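Everything on this sheet refers to the single structure shown next.
Nothing in this text is a laboratory measurement; each read-out follows from the coordinates by a stated rule. The model shown is predicted, which means the values in this text are computed figures rather than measured ones. Cβ sites come from the backbone with ideal geometry, for glycine too, and all protein chains shown count toward neighbours.
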Amino acid sequence: MTKRIDGKRVQRVLVVATVAALAACGPAWALDAATKCRAGKLTDAGKYCQCRLKADAKAAKKAALPDYGKCDAVFSKKWQAKESKAAGSCPSNGDEAEVRARTTEHTDALASLLAGASALRCQHLPASGQTVSYGPGDDGDLQMGEPFAFIDNGDGTITDVNTRLMWEKKIAFDGVPVDCIDEMGTCANPHDADNLYSWSSGGTDFSGSLVAVFLEQLNNRCDKDPRVVCATDDDCSGTDGPGGACGFAGYRDWRVPSIRELLTITDFGRLDPSVPPAFHGVGCGPSCTDMGDPACACTADEYWSSTTDPADPGGAYAARHRRGNGGLDIKIKTKDKDSQRAGGFAVREGGRTIGAGSTQDIIK
């Protein structure tokens, strides 16, 4: 005799069996700490992109510059919380600055495209700036390369539209050099064009005041007050902080440029200094202290690169803007020569490519 089994009873039995099976293999379904951290970081990076693009949209409606301050603060707080909770088990650690830079680059490029740029631009080699020709086929005749094109971002930074590098601006040039061995006096302001730094503190290592003072101020001091040490934005925006973000202009990935990068802002059609007007404006002088004024930009004579002489590790390349060339300087003290001092320029990746709808002017 065949017995009929009630359908609901069968369903109840299957549910109970399924729950029991899942409970038995529960650990296999749980995410490990590394996977949780990775997934959380991907989520935070996505939200950061969305936040920046929303800020771009808001700025477009008001014909103003976007404010990413809240986006940066939230992203930094969540990113550091993920790494702290994972206690070293994240697949990658200490990568906040790199992820921020890459995310910024791509959202900026997308915003530029939507502002009217014809395409997402790749890097282009700038022209030399020379316009005087001494015969057919020479540089002054052909003027090959992209014309100089820079954006003063109004926050103390200058973006090269061709290379997409973002440069630190210099100000307050009075022609009296100051050897910066610490952060005292005029050296408290890393943007003072008269400041000089050493490449090495001993031997041939990249360890002089260019690193220990200059880069330290740009990457580990509050943007609103370079005298205040910081590790996160909270150190600057708290009740006892000066406000703003940690790092110059809100970035903490500033570095000394290579000699090739440094020469991309050398204008071989100008002398004393051999740089485009974006880096040496009509308002340059001792009273030029407004980092937001495009006319207030100064360049002294000589600036270090991070490039070492392959023939002699005791030397490093520098750009000399009084005559518009690159040369070698001594970075260590020897029996016959003292180690030299030169200015420090800082650069970072991720500069905005400006579209036709931008409210910022191109400086050529």
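The chymotrypsin sites (Phe, Trp or Tyr not before Pro) of segment 126-199 that meet both conditions, a loop assignment by DSSP and at most 13 other Cβ atoms within 10 Å of the site Cβ, are Y134. Between the C-alpha center of segment 161-180 and that of segment 287-317 there is a gap of 6 Å. Annotation: aspartates and glutamates with alpha-carbon distance below 12 angstrom to K70 (same-chain offsets under eight excluded): D233, D234.
A crude spin-label estimate for the pair N93 and K47, with each label 7 Å from Cα along the Cβ direction, gives 2.3 nm. Give me the percent relative contact order of segment 33-94, please, defined on Cα pairs under 8 angstrom at least 6 residues apart. Once divided by the residue count of segment 33-94, the mean separation gives 51 percent. On a 29 Å Cα-Cα criterion, which of the cross-link pairs K58/K169; K36/K61; K47/K224; K36/K77 come out too long? Long pairs (Cα-Cα over 29 Å): K36/K61. If you take the alpha carbon atoms of segment 33-94 and fit the smallest convex hull around them, that volume is 62 Å³ per residue. Taken one residue at a time, the phi angles of segment 151-168 give Karplus couplings (6.51, -1.76, 1.60, θ = phi - 60°) of 10, 7, 7, x, 10, x, 10, 10, 9, 8, 5, 6, 8, 6, 8, 9, 10, 6 Hz. Gly and Pro are set to x. Taking all Cα pairs closer than 8 Å and separated by 6 or more residues, the relative contact order of segment 144-363 comes to 26 percent.
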